[in-house]
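As structure tokens, the structure follows; a few thoughts come after it.
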Amino acid sequence: MTSRRQFLASSGALVVSFSLAGRAWTQGAGAEKAGAAPPLPGSLKQSPFLDSWIRIGADNRVTVFTGKAELGQGVKTALAQIAAEELDVAFARVTLATADTSSTANEGYTSGSNSLKDSGTAIRNAAAQVRAILVARAAQRLNAAPDALKVEDGTVSGPGNAKVTYGELVAGENLHVEAKPASTFKDPRLYRIVSRSQPRVDIPAKVTGGAAYVQDIRMPGMLHARVVRPPSYRAVLESAATDAVEKMPRVVKVIRDGNFLAVVAEREWTAVKAMRSLAAAARWREEKTLPDMKRLPAAVLALASQDLTVAEKSGAGAAAAKTLEATYTRHYQAHASIGPACAVAQLKDGALTVWSHTQGVYPDRDAIAEMLGMPKEKVRCIHAEGAGCYGHNGADDAAADAALIATFIPDKPIRVQWMREDEHRWEPFGAAMVGKLRASLDGEGRIVDWDYGVWSNTHSTRPGGAAALLAGQHGAKAFKPAVPKGQVTPEGLGDRNAVPLYAFPALRVVHHFLPEMPVRVSALRALGAYHNVFALESFMDELALAAGADPVEFRLKHLADERAKDVIRMAAQKFGWKAGAKAASGRGYGFAFARYKNLAAYCAIALEVMADPDRKKIRVVRAVAAVDSGQVVNPDGLRNQIEGAIVQSTSWTLYEKVAFDDTRIRSVDWSTYPILRFDAVPEAIEVHIIDRPGQPYLGSGEAGQGPTAAAIGNAVANATGIRMRDLPLARA
């Protein structure tokens, strides 16, 4: 709740001026030619001044600022470790401030496993450069050469035991210094904080009932709101009898703005009861717009496509001796966040503040400002963690709901809490996909050509502007969503990981982008990589079988990347993989590998499943993963990420798909959208790490999703002889 002015005034030695704007100059068209300055690393490109990232107080405490959000991935801990290490201060002395449009850099979205690559790199460089500046100041103060000084926990010591603290060195001085492209880093062999497991700072409140999430926010005078959602995507509100609801005790207001219908009350349970009464009194006109769920792959393939060549290589290989073809599909899948979306908003003195578990405070702020017709400078968006929140779920929409309602009731904080059926029916889903593969083997069992086509909608409709928000679409001044456009990018969307890392003499990959979206879709963890890796790595197993080769050796034979080979060998060795080894009756072994986005972390997974055809039951018994994410910051945090990916991907692969009829989404609760339960969690999960000291950070949060799915499919085929190519795997 502290304003920027109060925050600045309260810190005696504060030298940070929150320089959130970019450079004061722009590079011309010829800037990349010889003689131009090299680019700044990580997110320093967006916010190049050191005081945008590091604050040192008179008490010698350090505040580090990141535009990234804590989503349960442990970023608050890892980024603080990086800063503490390069500054030479104790970890306990560092506090991390996360995404807030009034005080942190604009780092876009917390997505794509990019937090350490972008923000971690920026903070590491900023911390190293701040340390160098402070040591230089200490040298002047202590009349000593910089290399004669030693820094320990923010205190600089010189000859004769003379000492000065960071807090004393910044008093009256200015760190408003533009970052340099290169920094002098600490030798990784001297690390005492980075590369060592550190308990996550976000966990204690979550396990002790503390105020950990946006759902826990309580403010003086706060009112509770519920939104009556349309029953289907194109439903139009024809009438709503509001009189009876408005007369209910403790109901403050009923709001109707076009198709947007909400009720505000003094107490939450009153809001819930009023919402149900209001929903019963509303009359909607609906249209049949949804495809036939039972023939979904055919419906996907029937949509008009924009065909984009992602990769193409022609080469002379040996003559093909055998050719295989296969089709792999993925159903629509939901985020199914454990805690339904929530937000708090307050309009006061013409300025709007929104607390949200959005993954992008700046884009969400801009979208809300557009929706309300307010200047962006009058809207502040503060990230607050959401329970089970990740990807583009209902967070941005709940924030827009709260913001719109707050304009009808100024001064009062408005808390909007979605109901379970709201979350399941209205969140953007992960897109359905179809992948068609064709490859040939030569007489030596080597792949000589590879052809992959993937059909998919967009994988990101994030704000996006007001048209990406439900309140923006449903309000009287309705914003119409733009038709998505296909594009090929280094990280990929629907085509993410569509290009195999393997070395084939001839290759062609085409993304058949589908602009029309029958179902609301957006970013679900790993985007297209989950399905694409499932398809590619399942097909690699099918090819290995056709070649009479061991699946692990077959992969190694087609790889040139030594780091890829290292994770494959480690996963196989730790699992106890032996060529030709058979699992016990009713069980099977599976293996899969991918480098996430072909530019982030390497991950290989070997696992064992139990497959019981009589009981129509599949269960992952144990999983062993190996991961290379470059320089490791928090080993336990990295293991958390891969373990979580394995568990979640197991749930997706065995249980999850969105159900609908021709008009409405029917998956509205945990019985109609089942997820993995505790009794089905693997008995054992091992994660083995290959640390690469001094190497760039490689994002790892989504590296395990695709390999897990493929390894499960491969293990089921190994156990039963049945190759299942449709996600989720149809146990029947």
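The values are calculated or read from the model by the stated rules, or taken from the named source; none is laboratory data. Fair warning: this is a prediction, and the values are worked out from it, not measured in the lab. For neighbour counting, all protein chains shown are included, and Cβ atoms are generated from backbone atoms with ideal geometry for every residue, glycine included.
Remarks
- Checking the stated criteria, G120 turns out to be assigned to a helix (DSSP H, G or I), in the same structural domain as F49 (by TED's automatic domain parsing), within 28 Å of G391 (Cβ to Cβ) and in contact with a Leu (Cβ under 9 Å, 6 or more places away or on another chain).
- Y328 surrounded by 15 or more Cβ atoms within 10 Å (Cβ to Cβ), more than 20 Å from G108 (Cβ to Cβ) and in contact with a helix residue (DSSP H, G or I) (Cβ under 7 Å, 6 or more places away or on another chain): yes
- Any hit, the range 297-311, residues being under 30 Å from R226 (Cβ atoms), touching a residue at least 12 places away in the same chain (Cβ under 8 Å) and either outside any loop (DSSP other than H, G, I, E, B) or touching a helix residue (DSSP H, G or I) at 6+ places or on another chain (Cβ under 9 Å) (or both): no
- The one condition in (1) closer than 20 Å to M222 by Cα; (2) surrounded by 18 or more Cβ atoms within 10 Å (Cβ to Cβ); (3) out of contact with any Ser or Thr (no Cβ under 6 Å at 6 or more places or on another chain) that T407 fails to fulfil: (2)
- If the condition is being crowded, with 17+ Cβ neighbours inside 10 Å, under 18 Å from Q81 (Cα atoms) and of a type in the set (A, V, I, L, M), then the range 120-159 contributes A122, I123, A126, A127, A128, V130.
- Scanning the range 268-304 for residues that are more than 23 Å from D661 (Cβ to Cβ), in contact with a strand residue (DSSP E or B) (Cβ under 8 Å, 6 or more places away or on another chain) and not charged (D, E, K, R) yields a total of 7.
- The residue that is surrounded by the most Cβ atoms within 10 Å (Cβ to Cβ), among those in the range 229-257 that are acidic (D, E) and part of a strand (DSSP E or B), is D257.
- Filtered residues of the range 213-228 (kept if touching a helix residue (DSSP H, G or I) at 6+ places or on another chain (Cβ under 9 Å) and crowded, with 18+ Cβ neighbours inside 10 Å): Y213, V214, L223, H224, A225, R226, V227, V228
- Residue match in the range 653-674 (condition: in a strand (DSSP E or B), more than 19 Å from the chain's Cα centre (by Cα) and modelled with pLDDT of 95 or more): yes
- If you check D88, D59 for being of a type in the set (D, E, K, R) and at pLDDT 95 or above, only one passes: D88.
- Matching residues, the range 546-565, being without any contact (Cβ under 8 Å) to a residue 60 or more places away in the chain and of a type in the set (A, V, I, L, M, F, W, C): V552, L556, L559, A560
- Of the set (1) surrounded by fewer than 21 Cβ atoms within 10 Å (Cβ to Cβ); (2) assigned by TED's automatic domain parsing to the domain that holds A262, all apply to H383 but (1).
- Residues of the range 501-524 satisfying the condition of being in a loop (DSSP other than H, G, I, E, B) and crowded, with 22+ Cβ neighbours inside 10 Å: L514, S522, A523, L524
- Members of the range 268-310 found to be more than 30 Å from I217 (Cα to Cα), of a type in the set (S, T, Y) and surrounded by 12 or more Cβ atoms within 10 Å (Cβ to Cβ), listed by number: T289, S305
- Within the range 390-434, the set of residues being outside any helix (DSSP H, G or I), of a type in the set (F, W, Y) and either in the same structural domain as L71 (by TED's automatic domain parsing) or within 30 Å of A535 (Cβ to Cβ) (or both) comprises Y390, F429.
- Scanning the range 351-366 for residues that are outside any loop (DSSP other than H, G, I, E, B), among the basic types (K, R), over 29 Å from T270 (Cα atoms) and in contact (Cβ under 8 Å) with a residue 40 or more places away in the chain turns up at least one hit.
- Per this entry, V632 is not counted among residues that are assigned to a loop (DSSP other than H, G, I, E, B), within 28 Å of A299 (Cα to Cα), at pLDDT 95 or above and not charged (D, E, K, R).
- Filtered residues of the range 62-99 (kept if free of Cβ contacts under 8 Å to residues at least 60 places away in the same chain and either surrounded by fewer than 24 Cβ atoms within 10 Å (Cβ to Cβ) or not in a loop (DSSP other than H, G, I, E, B) (or both)): T63, F65, V75, L79, A83, A92, V94, T95, A97
- Scan the range 564-591 for residues that are in contact with a helix residue (DSSP H, G or I) (Cβ under 7 Å, 6 or more places away or on another chain) and hydrophobic (A, V, I, L, M, F, W, C) and the total you get is 6.
- Residues within the range 87-110 that are closer than 19 Å to N634 by Cα and either under 13 Å from the mean Cα position of the chain (by Cα) or among the hydrophobic types (A, V, I, L, M, F, W, C) (or both), tallied: 9
- Checking each residue of the range 340-355 against the condition of being crowded, with 24+ Cβ neighbours inside 10 Å and among the β-branched types (V, I, T) gives at least one match.
- Meets criteria (assigned to a helix (DSSP H, G or I) and touching a residue at least 24 places away in the same chain (Cβ under 8 Å)) for R55: no
- So A265, is it in contact (Cβ under 8 Å) with a residue 12 or more places away in the chain, under 18 Å from I409 (Cβ atoms), touching a strand residue (DSSP E or B) at 6+ places or on another chain (Cβ under 6 Å) and surrounded by 15 or more Cβ atoms within 10 Å (Cβ to Cβ): yes
- Which listed residue is closer than 30 Å to A318 by Cβ, buried (at least 22 other Cβ atoms within 10 Å of the Cβ) and either in contact with a Phe, Trp or Tyr (Cβ under 7 Å, 6 or more places away or on another chain) or β-branched (V, I, T) (or both), from A471, A432, A466, A498: A498
- Near pairs, Cβ below 7 angstrom, 6+ apart or cross-chain, from the range 462-482 (at pLDDT 95 or above) to any residue that is hydroxyl-bearing (S, T, Y) and surrounded by fewer than 24 Cβ atoms within 10 Å (Cβ to Cβ): A468/T461
- Residue, farthest from A384 (Cα to Cα), within the range 188-217, restricted to residues that are assigned to a loop (DSSP other than H, G, I, E, B) and without any contact (Cβ under 8 Å) to a residue 60 or more places away in the chain: T208
- Filter pass, R555 being in contact with a Phe, Trp or Tyr (Cβ under 7 Å, 6 or more places away or on another chain) and of a type in the set (K, R): yes
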